[in-house]
Amino acid sequence: MSRANRFMDMYQAMLAALGPSGWWPGETSFEVAVGAVLTQNTSWANVEKAMATLRAHDLLTPAAMLDISEAALAEAIRPAGYYRIKAGRLANLLRFLRAEAEEFGHGEADLHDPALPMLQGRNARELRERLLTVRGIGPETADSILLYALGLPIFVVDAYTARIALRHGLAFEDAGYHELQEIFTDALPEDAALFNEYHALLVRVGHEWCRKKEPRCRDCPLAIFLD
Ligand code: SF4
């Protein structure tokens, strides 16, 4: 079996067993971007509580969020944990959005639009480089924003991706974020919808079967791919 076929066969096996994931939960590009910051080091259930508060206070546009203090923002996102740190990271992201709106969009007007027009239609690699300059936005968060908020073909890597790739002999133990990303990107057609679903399925398999200790290989959809 060729390497590319192996990756696609694994994808098909996960999809057949689990069905489509419908990721990422979030009604607008801005919601998804905020969720990508809030989900750092916490469960999605906690993110949802914070998002509900932001929604209840009509804070889900960059303009509305820029209008309140960082302390008020921290209070609103408290259920997501590390809320002061995350409020600081959101504030950095908001400043970035404002600068991008000035350089590439329609200035302040863009900040009222949760579709993030200042980031739409941009070159994925160039935008990625710019996002990575934002303090508190690492590769996984940047790539989640690019893929899930903006629909750009960038493969997202996380701890589950690394664990599954290692256990299936697709990567070495010391493979870093970008090496893992390249392994998947090289083996798959460049397709945002495929990258979206592939990452979601890996997370679901990782969460349900590929536990850190005692993986449950016996009834895992990927068991047939173990050597
Ligand atoms: S649980 Fe086992 S079969 Fe499933 S992904 Fe992990 S190593 Fe593979």
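The values are calculated or read from the model by the stated rules, or taken from the named source; none is laboratory data. Note that this is a predicted model, so its numbers are computed, not measured. Don't worry about glycine lacking a Cβ; one is built from the backbone with ideal geometry, like all the others, and counts go over all protein chains shown. Calculation scope for accessible area: heavy atoms of the full protein, side chains included, ligands and nucleic acids excluded. Shrake-Rupley method; radii C 1.70, N 1.55, O 1.52, S 1.80 Å.
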Review point. Asn46: at pLDDT 95 or above, in the same structural domain as Thr141 (by TED's automatic domain parsing) and open to solvent by 20 Å² or more (accessible area, probe 1.4 Å), yes or no?
Key: yes
Point to revise | Among the residues listed as Pro215, Pro153, Pro189, the single one being near the ligand (Cβ under 10 Å from one of its atoms), part of a loop (DSSP other than H, G, I, E, B) and modelled with pLDDT of 95 or more | key: Pro215
Point to revise | Number of the condition not met by Ala171 [criteria: (1) farther than 16 Å from Asp9 by Cβ; (2) outside any helix (DSSP H, G or I); (3) within 16 Å of the ligand (Cβ to nearest atom); (4) open to solvent by 60 Å² or more (accessible area, probe 1.4 Å)] | key: (4)
Review point. Applying the selection to the range 183-200, what residues are farther than 12 Å from Gly22 by Cα and buried (at least 19 other Cβ atoms within 10 Å of the Cβ)?
Key: Ile183, Phe184, Phe195
Point to revise | Out of Ile145, Ile183, Ile164, Ile137, sole residue that is within 10 Å of the ligand (Cβ to nearest atom) and either more than 26 Å from Tyr83 (Cβ to Cβ) or not acidic (Asp, Glu) (or both) | key: Ile164
**Study point:** Cβ pairs under 8 Å, 6+ apart, first in the range 206-222 and free of Cβ contacts under 8 Å to residues at least 60 places away in the same chain and more than 19 Å from Asp9 (Cβ to Cβ), second more than 6 Å from the ligand (Cβ to nearest atom) and of a type in the set (D, E, K, R)
**Key:** Lys212/Arg163; Arg216/Glu208
Review point. Of the residues in the range 201-227, how many are closer than 15 Å to Ala165 by Cβ and either open to solvent by 90 Å² or more (accessible area, probe 1.4 Å) or of a type in the set (A, V, I, L, M) (or both)?
Key: 8
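Okay, residues lined up against (1) of a type in the set (D, E, K, R); (2) under 13 Å from the mean Cα position of the chain (by Cα):
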{"residue": "Gly121", "(1), (2)": "no, no"}
{"residue": "Asp143", "(1), (2)": "yes, yes"}
{"residue": "Glu173", "(1), (2)": "yes, no"}
{"residue": "Thr185", "(1), (2)": "no, no"}
{"residue": "Asp191", "(1), (2)": "yes, no"}
{"residue": "Pro215", "(1), (2)": "no, no"}
Exercise for review: Check whether at least one residue in the range 67-76 is out of contact with any strand residue (DSSP E or B) (no Cβ under 6 Å at 6 or more places or on another chain) and touching a residue at least 40 places away in the same chain (Cβ under 8 Å), and report yes or no.
Suggested key: no
Review point. Since Val37 meets every condition but one in (1) surrounded by fewer than 16 Cβ atoms within 10 Å (Cβ to Cβ); (2) touching a Lys or Arg at 6+ places or on another chain (Cβ under 7 Å), which condition does it not meet?
Key: (1)
**Study point:** Filter pass, Phe225 being in contact with a Ser or Thr (Cβ under 9 Å, 6 or more places away or on another chain) and within 16 Å of Phe7 (Cβ to Cβ)
**Key:** no
Practice item. Could you name every one of the helices (runs of 4 or more DSSP H) located completely within the range 1-117 that has at least 2 residues being more than 18 Å from the chain's Cα centre (by Cα)? Key: 3-18, 44-56, 62-66, 70-76, 83-104
